[in-house]
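Colleague: Here it is, the structure, as structure tokens.
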Amino acid sequence: MAAAARAAAPVALPELPSSWVLSVRQFRYGLLWYRRTWRSSVWSSVFGPLFYLGAMGYGIGSLVDKNGTASLGGVPYVVFVAPAVLAVHAMNSGLNNALFPVFGGMHWNKNYIAARATMLRPADILRGHLLFISMLIAINSACFVVMMAALGLIRSPWAVLLLPASVLLGFAFAAPSAAWAVTLDNMTPMNYPIRFGAIPLMLFSGTFFPITQLPGWVRPVAYATPLWHGVALCRALSLGTVDAGSAAINVGYLVAMAVVGLCWGTRTYRRRLYV
């Protein structure tokens, strides 16, 4: 009877690790992958933006400077455009590392499917991947900030905050992009955020010229875009024109966008990975 009772007693299952621990495990997978593939991304992540800055800042900038820079705040064009290129670089890093890798995790290499076969939950996979994307944005942005400093394009001690500002901007784009990409069944729509989102944002968010140069009816639209808030924040930090109220609005906008993307991603990842 005693033996039968012991056999019928429920077996205590091991306690599941915390969500943070599981998210870090997904992040460590990204580190392992990056250790093997980082060389393939050096050109686009580091040298590409540097050459772009040279072409726009020094090439076109030499023509702009000849006609006066009063509308730019009296600074050379390359100093005006460098923090904006940093913001664009952070945006592109967030988008590119969230769209195709997330789709690939579902359909190409299927590492999301493999992760789901472990104790990792969909939310853990999402958070771990976003941690990894944030690390990539930080690396890319740090390289660009160092280049800015080496070229003498930074005019304020506030520039020490350029790195967290650019990471926040990139994360604000990465979170909703990952939330959307995981829902796709074919890769064609992934071109839409870049073609109809990133490129127009880069052109009309104060990157290459002040928003005041746009027609009056277009300016409210430009002010409402996330990239403008990132550009305005990075430019203020680089030039030393930081205003507490404006900076708070910029940061609040990007934080809200990131939180919405994270909440949305929690829902879409659960729907796609719970089968």
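Colleague: Among the residues that make up the stretch 194-213, is at least one of them on the phi > 0 side of the Ramachandran plot, touching a helix residue (DSSP H, G or I) at 6+ places or on another chain (Cβ under 8 Å), in a loop (DSSP other than H, G, I, E, B) and open to solvent by less than 20 Å² (accessible area, probe 1.4 Å)?
Modeller: Within the stretch 194-213 (the criterion being on the phi > 0 side of the Ramachandran plot, touching a helix residue (DSSP H, G or I) at 6+ places or on another chain (Cβ under 8 Å), in a loop (DSSP other than H, G, I, E, B) and open to solvent by less than 20 Å² (accessible area, probe 1.4 Å)), the answer is yes, since at least one residue qualifies.
Colleague: Name every residue in the stretch 102-130 that is open to solvent by 10 Å² or more (accessible area, probe 1.4 Å) and not hydrophobic (A, V, I, L, M, F, W, C), in order of residue number.
Modeller: Across the stretch 102-130, the qualifying residues are 107, 109, 110, 111, 116, 118, 121, 127, 129.
Colleague: Same structure again: What are the pairs, 6+ residues apart or on separate chains, where a residue within the stretch 75-97 that is within 10 Å of residue 166 (Cβ to Cβ) has its Cβ under 8 Å from a residue that is of a type in the set (D, E, K, R) and open to solvent by less than 10 Å² (accessible area, probe 1.4 Å)?
Modeller: Filtered contacts from the stretch 75-97: no entries.
Colleague: Here are some conditions: (1) under 23 Å from residue 203 (Cα atoms); (2) outside any loop (DSSP other than H, G, I, E, B); (3) open to solvent by less than 60 Å² (accessible area, probe 1.4 Å). Residue 71 meets all but one. Which one does it not meet?
Modeller: Only one criterion is unmet by residue 71, namely (3).
Colleague: May I pose another question? If the Cβ limit is 6 Å and pairs must be 6+ apart or interchain, which residue in the stretch 30-47 that is of a type outside the set (A, V, I, L, M, F, W, C) pairs with which residue that is surrounded by 10 or more Cβ atoms within 10 Å (Cβ to Cβ) and assigned to a helix (DSSP H, G or I)?
Modeller: What qualifies is 30/132; 45/140.
Colleague: In this structure, does residue 137 turn out to be part of a helix (DSSP H, G or I), hydrophobic (A, V, I, L, M, F, W, C) and under 15 Å from residue 29 (Cβ atoms)?
Modeller: No, not satisfied.
Colleague: Another question, then. Which condition from (1) within 30 Å of residue 186 (Cα to Cα); (2) without any contact (Cβ under 8 Å) to a residue 12 or more places away in the chain; (3) part of a loop (DSSP other than H, G, I, E, B) is the one that residue 119 breaks?
Modeller: Here residue 119 clears every test but (2).
Colleague: Tell me which residues, restricted to the stretch 140-159, are assigned to a helix (DSSP H, G or I) and without any contact (Cβ under 8 Å) to a residue 40 or more places away in the chain.
Modeller: If we filter the stretch 140-159 for residues that are assigned to a helix (DSSP H, G or I), which is where we start, we get 140-150, 157-159.
Answer for the stretch 140-159, where residues must be assigned to a helix (DSSP H, G or I) and without any contact (Cβ under 8 Å) to a residue 40 or more places away in the chain: 142, 146, 149, 150.
The values are calculated or read from the model by the stated rules, or taken from the named source; none is laboratory data. The structure presented is a predicted model; accordingly, all values stated were derived computationally and were not measured. Here Cβ is always computed from backbone atoms with ideal geometry, including for glycine, and neighbour counts include all displayed protein chains. For accessibility, only protein heavy atoms count, side chains too; no ligands or nucleic acids. Shrake-Rupley method; radii C 1.70, N 1.55, O 1.52, S 1.80 Å.
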